[in-house]
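Novice: Take a look at the following structure, please.
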Protein chains: 2
Amino acid sequence: MEVDEKVKERLRSEKAYDLIMSAEEAAAMIKDGMTLGVSGFTASGYPKAVPHALAERGKKGEKFKVNVYSGASLGPEIDTEMTEAGIMGMRMPYMTDSTFRAAVNKGECDYIDMHLSHSTQYINYGALPKVEIAIVEALALNEDGSIVPTTSVGNTPAIVRQADKVIIELNTLQPMGLEGMHDCIVLPNPPHRKPIDITKPNDRIGVPYIECGWDKICGIVITDIQDGLRPLGSVSEDSQKIADHIIDFLDGEVRAGRLDDTLLPIQSGVGSVANAVLYGLLESEFHDLTCYTEVVQDSMLELIKAGKVTCASTTAITPSPEMKAKFDEECDLYKGKLIFRPEDISNNPGIIRRLGVISMNTALECDIYGNVNSTHVNGSSMMNGIGGSGDFARNAAISIFSTVSVAKGGAISSIVPFCSHIDHTEHDVQVIVTEQGYADLRGLTPKQRAVRIIENCAHPDYKDMLKDYFDRACATSKLQTPHLLDEAFSWHIRAMKTGSMKVGE
Amino acid sequence: MEVDEKVKERLRSEKAYDLIMSAEEAAAMIKDGMTLGVSGFTASGYPKAVPHALAERGKKGEKFKVNVYSGASLGPEIDTEMTEAGIMGMRMPYMTDSTFRAAVNKGECDYIDMHLSHSTQYINYGALPKVEIAIVEALALNEDGSIVPTTSVGNTPAIVRQADKVIIELNTLQPMGLEGMHDCIVLPNPPHRKPIDITKPNDRIGVPYIECGWDKICGIVITDIQDGLRPLGSVSEDSQKIADHIIDFLDGEVRAGRLDDTLLPIQSGVGSVANAVLYGLLESEFHDLTCYTEVVQDSMLELIKAGKVTCASTTAITPSPEMKAKFDEECDLYKGKLIFRPEDISNNPGIIRRLGVISMNTALECDIYGNVNSTHVNGSSMMNGIGGSGDFARNAAISIFSTVSVAKGGAISSIVPFCSHIDHTEHDVQVIVTEQGYADLRGLTPKQRAVRIIENCAHPDYKDMLKDYFDRACATSKLQTPHLLDEAFSWHIRAMKTGSMKVGE
């Protein structure tokens, strides 16, 4: 078979050449009821051509369903198209796609939400259906059939190890400069595990490729499709205020002598607030910062370029399309400073606890006692999965959750009497931040926490209502965590009926 | 000063002799508003004489309050007597004492509930008031002023390090055979932490004493007071059934090839069910078992004696008084097989995840989607703290929660539509067990979990009511986690009004 030079550089054994096929031929190997494992973590480094071809089979009327395991959410070729084609069966461990979300909330697809660090174990321990075919985007295939990943590692090493067969999407658009940035390993199952020797975010413990071998590879599809990245929204005024409060809190920790001005490794969720905080660090007096996180976006790449962050550990990068174009050109700038790990390492509870990460994640709602809902609207409707927030928050040196204090133009308060779903308990939430201010909850009893959250974080429109609930609950009893169970969800119920948590609207 | 031979063996420097004083003299050093750190984890290895003398000051009418940090719950000389004396201010991190519980639920004392592995960090990181005086029960004081602990390690190493002054209670009743069983260390704060080199429950990483020094020791009180241990209740029929179901589940894991017949290191909470499970293991075909836990009771000591368990790591032993008497005589039997660690090591997320612990903890109530309440009755009234259950459940290879399906003679169902407080989220609960059966929730969506929990675990008296709630919630919506928020707490509200969750009682 004739193979052009650009492909030859990436297919490092002639054994590969005979395996080259079209996306449709590769997709044809996938049968009804199969469990697929795919590369990818966010819309980065996931296979695109084969899932698209698979979805086309469904759209043409073929009836079949497959399970899909991945690192986290994925781009539209999988979560959107496969859902639209009606071929998505069970999906784990994370999702943000609006099409798939709607299907889950109509009961059309099964979604299993879990801590991302658990997801790798679920694959390795064998308690879930086994991965039959893996579909993996690759930068290159080495001579021995090992895989060089692209813009994410996620669960790919565990998925490839468990799979019977592996389909490769060799993406010639991904820059060769990525090679060497990955640090891959599959942990043995207990009782054979050893300590993981990471004491700084950029310590290497594995190899820059995923072990595989030619016996498993059953097809290679050559592609040049860009990751399904999205432009970042501009930083809103509220996000900027939240960022300012977080930096103010961190400043206070430095002044109190609990942190020095290099802080501790930072973990930051994704989105507007996260970007605002990180851009805030760019302007701050903190220096020689490090990062131990699961996703790196534009702001972190800027921090590395500016020399403000000396090293960042992640499992994926999800820059804006503009930033990705720059990244592809400037890859070498990040060598030795940016490291991609499997998600059971990036999200490993032991390493997060050891390094003493400062975790910053987003809450959907938070209650007066400090419990956080990250996943369900009104306790029932899945918004996004929990992702890695629990891995980081539970094990962080300082665990921060932020949310804008009101949603839907003020009709919904993000601070409520009782969270309608709880993903992070009062035990895991140390600091709550809204655009109104921050509440440092460390060392406070539940009643003391309630006073501080209402005072510092609630929107003025809801402060009196929250105080009223809390005061009446305390008047009824002096119990550890006073609640009025018959009113606990009344705000949510009112909002479902009238569209607003405010009384009489 | 004249010192008898039994004491001389334990006070290994003459510097100690001049520090000997009465409990009253030692207690006199404690002033209003002070923060005390005490040794002890459960009613084991805690100071008794000085807290009693301190409580006496309060009972005689002196007005003062102190904060008390410990490893976990403590014996009656502290949690009961100091509360009765009105001198208990803020207390952390765990409690089970009924007197203290009542005071907390009347708002008379401040109790801060937290994960036990967090408690050590809270002390080390400096976000809580600093320990001024430590009171530590000791088996012996070494020549350099280091402390040999007794029947628990708990948070004592961190407490002693932070304290300005240390009062020692040298307990001559504790058997010298304990010496050498402790493995003490204080982890440095981030970013200076190294991997903890434990790959088997009995690996040693520290020293058999707690670093202290004569400059800190401000008083030594000689005591011979037994730990405030309690007889164990007999195994109820329901506990036996729960134990049988758990062993059945573990058998299934072995048959499925996910475990071999040495299982994985076991963590077990305390109480009747825990004892029944462990006694069940004694009769089982499993062999060469190991244990990585926080408290060891009679059954585990029996398992070690019988050679069924080859080694057990813990932070305390809490045997019955009868078993303690035997233990004191037979200490040597346990050498090299029983190891006492600080609780940030016994409960360390990284080690628990690495070893792949099988965690078995108790739920107060559990909801149809698999969330667990461990701490609060009707969402408000503190029962016990969360203790180490979160450290183990979140990081276990298999996380099991058990509860009897009904309480109060059947008036209360332990399986409810919505937990009135959530300590362990759906993400952390893999198997739920009641006397009715077990529900393996791994790999299930919320709706699938509900069906299985109701079918396998609910009491027959409540099965139809739970099905009715779930079916009507599903009929309203096909959402990911269907709830009827206006009825979610109706069972609790009814029970508060009528004493029963049943309708029309």
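The values are calculated or read from the model by the stated rules, or taken from the named source; none is laboratory data. Since we're looking at a predicted model, the values are computed, not measured. Methodologically, a virtual Cβ is constructed for each residue, glycine included, from the backbone with ideal geometry; neighbour enumeration extends over all protein chains shown. Areas reflect the complete protein model, heavy atoms only, side chains present, ligands, DNA and RNA absent. Shrake-Rupley method; radii C 1.70, N 1.55, O 1.52, S 1.80 Å.
Novice: For the stretch A:420-455, enumerate the residues that are over 21 Å from residue A:392 (Cβ atoms), more than 8 Å from every other protein chain (Cβ to nearest Cβ) and not in a helix (DSSP H, G or I).
Specialist: A:435, A:436, A:437, listed by residue number.
Novice: When you look at residue A:343, is it away from chain B (no Cβ under 11 Å), modelled with pLDDT of 95 or more and open to solvent by 10 Å² or more (accessible area, probe 1.4 Å), yes or no? Lay out the reasoning, then the answer.
Specialist: Values: away from chain B (no Cβ under 11 Å): yes; modelled with pLDDT of 95 or more: yes; open to solvent by 10 Å² or more (accessible area, probe 1.4 Å): no.
Considered against the rule, which asks whether it is away from chain B (no Cβ under 11 Å), modelled with pLDDT of 95 or more and open to solvent by 10 Å² or more (accessible area, probe 1.4 Å), residue A:343 comes out as no.
Novice: Right, next: Only one of (1) at pLDDT 95 or above; (2) more than 14 Å from the chain's Cα centre (by Cα); (3) of a type in the set (A, V, I, L, M) is not met by residue A:317, so which one is it?
Specialist: It fails just one condition, (2).
Novice: Further, regarding this structure: Out of all the residues in the stretch B:478-497, which are open to solvent by less than 50 Å² (accessible area, probe 1.4 Å) and either within 7 Å of chain A (Cβ to nearest Cβ) or closer than 11 Å to residue B:367 by Cβ (or both)?
Specialist: If we filter the stretch B:478-497 for residues that are open to solvent by less than 50 Å² (accessible area, probe 1.4 Å), which is where we start, we get B:479-485, B:488-493, B:495.
Once the filter is applied, which keeps residues that are open to solvent by less than 50 Å² (accessible area, probe 1.4 Å) and either within 7 Å of chain A (Cβ to nearest Cβ) or closer than 11 Å to residue B:367 by Cβ (or both), the stretch B:478-497 yields B:479, B:480, B:481, B:482, B:483, B:485, B:488, B:489, B:491, B:492, B:493.
Novice: Can you name the number of the only condition in (1) open to solvent by 10 Å² or more (accessible area, probe 1.4 Å); (2) over 23 Å from residue A:244 (Cα atoms) that residue A:469 fails?
Specialist: (1)
Novice: Taking residue B:108 as the residue in question, decide whether it is open to solvent by 10 Å² or more (accessible area, probe 1.4 Å), free of Cβ contacts under 8 Å to residues at least 40 places away in the same chain and outside any helix (DSSP H, G or I).
Specialist: Details: open to solvent by 10 Å² or more (accessible area, probe 1.4 Å): yes; free of Cβ contacts under 8 Å to residues at least 40 places away in the same chain: yes; outside any helix (DSSP H, G or I): yes.
Against the criterion (open to solvent by 10 Å² or more (accessible area, probe 1.4 Å), free of Cβ contacts under 8 Å to residues at least 40 places away in the same chain and outside any helix (DSSP H, G or I)), residue B:108 qualifies.
Novice: Buried (at least 22 other Cβ atoms within 10 Å of the Cβ), touching a strand residue (DSSP E or B) at 6+ places or on another chain (Cβ under 9 Å), within 14 Å of chain B (Cβ to nearest Cβ) and at pLDDT 95 or above, is that true of residue A:416?
Specialist: Numbers: buried (at least 22 other Cβ atoms within 10 Å of the Cβ): yes; touching a strand residue (DSSP E or B) at 6+ places or on another chain (Cβ under 9 Å): yes; within 14 Å of chain B (Cβ to nearest Cβ): yes; at pLDDT 95 or above: yes.
So residue A:416 passes the test.
Novice: I want to confirm something. Restricting to the stretch A:447-466 and keeping residues that are among the acidic types (Asp, Glu) and free of Cβ contacts under 8 Å to residues at least 40 places away in the same chain, which single residue is most open to solvent (accessible area, probe 1.4 Å)?
Specialist: Start the filter on the stretch A:447-466 by keeping residues that are among the acidic types (Asp, Glu), which leaves A:455, A:461, A:464.
Still in the list and also free of Cβ contacts under 8 Å to residues at least 40 places away in the same chain: A:455, A:464.
Details: A:455: 95, A:464: 111 Å².
Among residues in the stretch A:447-466 that are among the acidic types (Asp, Glu) and free of Cβ contacts under 8 Å to residues at least 40 places away in the same chain, the one most open to solvent (accessible area, probe 1.4 Å) is A:464.
Novice: Just wondering, is there one or more residues in the stretch B:411-425 that are in the same structural domain as residue B:313 (by the TED database), within 22 Å of residue B:72 (Cβ to Cβ) and among the small types (Gly, Ala, Ser)? Steps first, please.
Specialist: Taking the stretch B:411-425 as the starting set, the residues that turn out to be in the same structural domain as residue B:313 (by the TED database) are B:411-425.
Among the residues that remain, those that are also within 22 Å of residue B:72 (Cβ to Cβ) are: B:421-424.
Within this subset, residues satisfying the condition of being among the small types (Gly, Ala, Ser) are none.
Taking every residue of the stretch B:411-425 in turn, none turns out to be in the same structural domain as residue B:313 (by the TED database), within 22 Å of residue B:72 (Cβ to Cβ) and among the small types (Gly, Ala, Ser).
Novice: For the stretch A:391-402, give me each residue that is more than 7 Å from chain B (Cβ to nearest Cβ) and touching a residue at least 60 places away in the same chain (Cβ under 8 Å).
Specialist: Within the stretch A:391-402, the subset more than 7 Å from chain B (Cβ to nearest Cβ) is A:391-393, A:396, A:398-402.
Those that are more than 7 Å from chain B (Cβ to nearest Cβ) and touching a residue at least 60 places away in the same chain (Cβ under 8 Å): A:391, A:392, A:396, A:398, A:400, A:402.
Novice: I would also like to ask the following. Any residue at all in the stretch A:240-247 that is of a type in the set (A, V, I, L, M, F, W, C) and within 14 Å of chain B (Cβ to nearest Cβ)?
Specialist: Going residue by residue through the stretch A:240-247, those that are of a type in the set (A, V, I, L, M, F, W, C) are A:242-243, A:246-247.
If we keep only those that are within 14 Å of chain B (Cβ to nearest Cβ) as well, we get none.
No - not one qualifying residue is present in the stretch A:240-247.
Novice: Now for a separate question. Return yes or no: is residue A:182 at pLDDT below 95 and either within 14 Å of chain B (Cβ to nearest Cβ) or over 30 Å from residue B:345 (Cα atoms) (or both)? Even if it seems obvious, please write down each step before you answer.
Specialist: On the way: at pLDDT below 95: no; either within 14 Å of chain B (Cβ to nearest Cβ) or over 30 Å from residue B:345 (Cα atoms) (or both): yes.
Answer is no for this residue.
Novice: When you go through (1) at pLDDT 95 or above; (2) assigned to a loop (DSSP other than H, G, I, E, B); (3) among the aliphatic types (A, V, I, L, M) one by one for residue A:220, which number turns out not to apply?
Specialist: (2)
Novice: Follow-up. Would you mind telling me which numbered condition in (1) surrounded by fewer than 24 Cβ atoms within 10 Å (Cβ to Cβ); (2) more than 7 Å from chain A (Cβ to nearest Cβ); (3) touching a Lys or Arg at 6+ places or on another chain (Cβ under 8 Å) residue B:356 fails?
Specialist: Condition not satisfied by residue B:356: (2).
Novice: Against the conditions (1) open to solvent by 10 Å² or more (accessible area, probe 1.4 Å); (2) more than 27 Å from residue A:128 (Cβ to Cβ), where does residue B:426 fall short? Just the number, please.
Specialist: (2)
Novice: Which condition breaks for residue B:486 when tested against (1) touching a helix residue (DSSP H, G or I) at 6+ places or on another chain (Cβ under 8 Å); (2) outside any loop (DSSP other than H, G, I, E, B)?
Specialist: It fails just one condition, (2).
Novice: Right, next: Quickly run through the stretch B:129-161 and pick out the residues that are surrounded by fewer than 20 Cβ atoms within 10 Å (Cβ to Cβ) and either within 14 Å of chain A (Cβ to nearest Cβ) or free of Cβ contacts under 8 Å to residues at least 12 places away in the same chain (or both).
Specialist: Once the filter is applied, which keeps residues that are surrounded by fewer than 20 Cβ atoms within 10 Å (Cβ to Cβ) and either within 14 Å of chain A (Cβ to nearest Cβ) or free of Cβ contacts under 8 Å to residues at least 12 places away in the same chain (or both), the stretch B:129-161 yields B:129, B:130.
Novice: Another question, if that's okay. Of everything in the stretch B:381-390, what is farther than 18 Å from residue A:423 by Cβ, at the interface with chain A (Cβ under 10 Å from one of its Cβ atoms) and either open to solvent by less than 10 Å² (accessible area, probe 1.4 Å) or part of a strand (DSSP E or B) (or both)? Give them in sequence order. Let's see the steps before the verdict.
Specialist: Looking only at the stretch B:381-390, we keep the residues that are farther than 18 Å from residue A:423 by Cβ, and these are B:381-385, B:387-388.
Filter once more, keeping what is at the interface with chain A (Cβ under 10 Å from one of its Cβ atoms): B:381-383, B:385.
Selection gives B:381, B:382, B:385.
Novice: Taking the stretch A:163-185, which residues are surrounded by fewer than 22 Cβ atoms within 10 Å (Cβ to Cβ) and in contact with a helix residue (DSSP H, G or I) (Cβ under 6 Å, 6 or more places away or on another chain)?
Specialist: Those that are surrounded by fewer than 22 Cβ atoms within 10 Å (Cβ to Cβ) and in contact with a helix residue (DSSP H, G or I) (Cβ under 6 Å, 6 or more places away or on another chain): A:172, A:175, A:177.
Novice: For the stretch A:183-204, check the following and say yes or no: at least one residue is in contact with a strand residue (DSSP E or B) (Cβ under 7 Å, 6 or more places away or on another chain) and either in the same structural domain as residue A:319 (by the TED database) or among the acidic types (Asp, Glu) (or both).
Specialist: yes
Novice: Identify the single condition in (1) crowded, with 17+ Cβ neighbours inside 10 Å; (2) in the same structural domain as residue B:15 (by the TED database); (3) assigned to a loop (DSSP other than H, G, I, E, B); (4) not basic (Lys, Arg) that residue B:232 does not satisfy, given that it satisfies every other one.
Specialist: Of the numbered conditions (1) crowded, with 17+ Cβ neighbours inside 10 Å; (2) in the same structural domain as residue B:15 (by the TED database); (3) assigned to a loop (DSSP other than H, G, I, E, B); (4) not basic (Lys, Arg), the odd one out for residue B:232 is (2).
Novice: Which residues, counting only those in the stretch A:209-227, are over 21 Å from the mean Cα position of the chain (by Cα) and either within 14 Å of chain B (Cβ to nearest Cβ) or open to solvent by 50 Å² or more (accessible area, probe 1.4 Å) (or both)?
Specialist: Correct list: A:209, A:211, A:215, A:222, A:224, A:225.
Novice: Out of (1) over 17 Å from the mean Cα position of the chain (by Cα); (2) farther than 15 Å from residue A:398 by Cβ; (3) more than 13 Å from chain B (Cβ to nearest Cβ), the odd one out for residue A:288 is which?
Specialist: (3)
Novice: Further question on the same structure: Please specify each residue of the stretch B:194-208 satisfying the condition of being facing chain A (nearest Cβ under 10 Å) and open to solvent by 20 Å² or more (accessible area, probe 1.4 Å).
Specialist: Matches in the stretch B:194-208: B:194, B:195, B:196, B:197, B:199, B:200.
Novice: Among (1) outside any helix (DSSP H, G or I); (2) touching a helix residue (DSSP H, G or I) at 6+ places or on another chain (Cβ under 8 Å); (3) charged (D, E, K, R), there is one condition residue B:2 misses while meeting the rest; what is its number?
Specialist: Answer for residue B:2: the failing condition is (2).
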